[in-house]
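Heads up: the structure comes next, in structure tokens.
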Amino acid sequence: MTTSRRKFLSSISMLAASAAMPIHAFDFGASKKLKVALVGTGIRGITFWGKRLVDEYSDILEFVGLSDINSSRLEYGKGYIGVSCPTFTDFEKMVSSTKPDLVIVTTKDSTHHKFIIKGLEMGCDVLTEKPLTTDETKCQAILDAEKKSNKNLIVGFNYRWSPYATKVKELLANNAIGKLVSIDFHWYLNTYHGASYFRRWHGQMESGGSLWVHKATHHFDLLNWWIDSEPEEVFAYGDLEFYGKNGPFRGDKCRTCEHQSKCDFYWDINKDEFSKKLYVDHEHEDGYIRDNCLFREEIDIYDKMSAQVKYADNTILNYSLTTYSPYEGWRAAINGTKGRIEAWQDIPYFKNETTDEAEKHTKEMAQTSKDEIYYEPVILHKLWKTHETVQVPMEKSGHGGGDKRLHDKIFKSPETEDEFGRTAGVRDGAMSILIGVGARRSIEGGKPIKIADLTDLKPKVKRG
Ligand SMILES: NC(=O)c1ccc[n+]([C@@H]2O[C@H](COP(=O)([O-])OP(=O)(O)OC[C@H]3O[C@@H](n4cnc5c(N)ncnc54)[C@H](O)[C@@H]3O)[C@@H](O)[C@H]2O)c1
């Protein structure tokens, strides 16, 4: 086996290990390169976990199989990624005949558990996109399968790897504001990115677990990591007041809608060449309509969400998620016994430039941005002193440079110790979705939910 492959496998093990998990030994196959099979040839699968891996890491890995329920999109995905491996509509058949070392799961959220569990049972390491899964029952099944298996499970959390998020972690870890007391964290999705969730499967609870899970898993993972404790109790409010049944009119899909001229959300998917080739050209097979009406009646997720979370170390989080903001960005205020950190990203009024909100989302999804460097401020304000501005160097690539750094950690520098502990394992994946699942249960029942009542995981005062 080549050194690079050994390094890769060792890094997977380190990533899966998280803080408290043991590092497993690997069964090395006969191939010189790491054998990768991917299930879910949608946008995330073919771009970030497909083409990017082929472009950047072909010296150490090879795709041995691709799978999707839509055979037509699967063939398009294979060409886009640029590989010659066989394709399968049957996941188990792919794994049994190609015997991958690593299975990458990039399907619809509600199906992740099937491929994670089956992949582990069939003797593969598994890397799943976030969210780990969409409810507490599936989460418990994954935890059980992972315990039984001697294979590794990694959750692809990329936000932690953004230089900006890492700077906040560094300040907190260095005790810059004393003991952490509370955090206000507010995320604003704009009318392009936010709306995109309501156009497709994410708009239905059964497919994405609502944005409490699909989107907020990113935020809760970041917060759990910053706070360095585990969530104990959640109380939430949420409603659907803008999209779905609230729309003034509705049509079949944007392309054929009679309300095009008066709908602010009208989007001509046929003018977006990539979306047309990835979705429209294959919808005859499974009826997956990418430009669905975001005012359709079947939408049953929340479009405004607010929660309070109490952590095991007594830190209190005030969280909100807005889905139709004029701009996309976030703000956080972090209070400690010795001061306060204020952090934000993409608030247009704080910059001397105008932002094209539509373009921002397209670049993010297509992973096409160049690595341009720019600086973003974090405010550190200690009690009784004037504030300091810490300038953080950033990159205009996927998730502030987080996507690229996550890949590089796995594939390029696995042996470098990460002082910030940015690696995420199954417990991190579970803790981040359980806040969202708890929030849903809290809204349904009108009462606070104990995280310990959802699965057999008991929250720890110190994360890990
Ligand atoms: N980390 C990030 O920043 C990030 C960004 C985007 C998406 N994602 C995640 O990536 C995953 C995919 O998202 P996407 O935007 O690419 O979605 P998508 O709809 O473009 O692709 C999903 C693919 O899964 C396939 N699929 C659905 N059910 C299946 C099944 N039962 N068996 C096999 N294939 C099935 C679909 O046919 C489709 O090709 C999601 O879990 C999402 O949360 C993560």
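Details
- Just one of the listed residues (262, 253, 245, 271) is of a type in the set (Lys, Arg), under 20 Å from residue 207 (Cα atoms) and more than 16 Å from the ligand (Cβ to nearest atom), and it is 245.
- Members of the stretch 70-84 found to be free of Cβ contacts under 8 Å to residues at least 40 places away in the same chain and not in a helix (DSSP H, G or I), listed by number: 82, 83, 84
- Search result, residues across the stretch 400-457 that are in contact with a Ser or Thr (Cβ under 7 Å, 6 or more places away or on another chain), under 11 Å from residue 235 (Cα atoms) and assigned to a helix (DSSP H, G or I): 436, 440
- So residue 283, is it without any contact (Cβ under 8 Å) to a residue 12 or more places away in the chain and surrounded by 14 or more Cβ atoms within 10 Å (Cβ to Cβ): yes
- When residue 146 is tested against the conditions (1) out of contact with any strand residue (DSSP E or B) (no Cβ under 6 Å at 6 or more places or on another chain); (2) closer than 22 Å to residue 438 by Cβ; (3) more than 15 Å from the ligand (Cβ to nearest atom), the lone failure is (1).
- Residue 376 being in contact with a Gly (Cβ under 6 Å, 6 or more places away or on another chain), charged (D, E, K, R) and surrounded by 20 or more Cβ atoms within 10 Å (Cβ to Cβ): no
- Across the stretch 389-436, the number of residues qualifying as acidic (Asp, Glu) and at pLDDT 95 or above comes to 1.
- Complete set of residues in the stretch 110-136 that are within 9 Å of the ligand (Cβ to nearest atom), outside any strand (DSSP E or B) and under 17 Å from residue 431 (Cβ atoms): 112, 130, 131
- Of all residues making up the stretch 57-84, the number that are buried (at least 19 other Cβ atoms within 10 Å of the Cβ) and near the ligand (Cβ under 8 Å from one of its atoms): 6
- Residue in the stretch 37-56 that is in a loop (DSSP other than H, G, I, E, B) and either more than 16 Å from the chain's Cα centre (by Cα) or away from the ligand (no atom under 12 Å from the Cβ) (or both) present: yes
- Contacts under 8 angstrom Cβ, first residue in the stretch 118-136 being within 12 Å of residue 37 (Cβ to Cβ), partner within 13 Å of the ligand (Cβ to nearest atom) and acidic (Asp, Glu), 6 or more apart: 118/92; 122/92
- Comparison of 423, 416, 389 shows that the only residue that is surrounded by fewer than 20 Cβ atoms within 10 Å (Cβ to Cβ) and in contact with a Leu (Cβ under 9 Å, 6 or more places away or on another chain) is 389.
- Selection status of residue 87, among the polar types (S, T, N, Q), within 21 Å of the chain's Cα centre (by Cα) and either crowded, with 24+ Cβ neighbours inside 10 Å or within 16 Å of the ligand (Cβ to nearest atom) (or both): no
Yes/no matrix, rows are residues, columns are (1) within 12 Å of the ligand (Cβ to nearest atom); (2) surrounded by fewer than 21 Cβ atoms within 10 Å (Cβ to Cβ):
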residue: 139; (1), (2): no, no
residue: 142; (1), (2): no, no
residue: 154; (1), (2): no, no
residue: 170; (1), (2): no, yes
residue: 184; (1), (2): no, yes
residue: 191; (1), (2): no, yes
residue: 198; (1), (2): no, no
residue: 208; (1), (2): yes, no
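- Restricting attention to the stretch 274-319, the residues that are within 13 Å of the ligand (Cβ to nearest atom) and of a type in the set (Ser, Thr, Tyr) total 3.
- In the stretch 280-299, the condition of being of a type in the set (Phe, Trp, Tyr) and assigned to a strand (DSSP E or B) is met by no residue.
- Exactly one residue out of 306, 275 is assigned to a strand (DSSP E or B) and either under 16 Å from residue 239 (Cα atoms) or in contact with a Lys or Arg (Cβ under 8 Å, 6 or more places away or on another chain) (or both): that is 306.
The values are calculated or read from the model by the stated rules, or taken from the named source; none is laboratory data. Remember, predicted model here, so these are calculated numbers, not experimental data. Here Cβ is always computed from backbone atoms with ideal geometry, including for glycine, and neighbour counts include all displayed protein chains.
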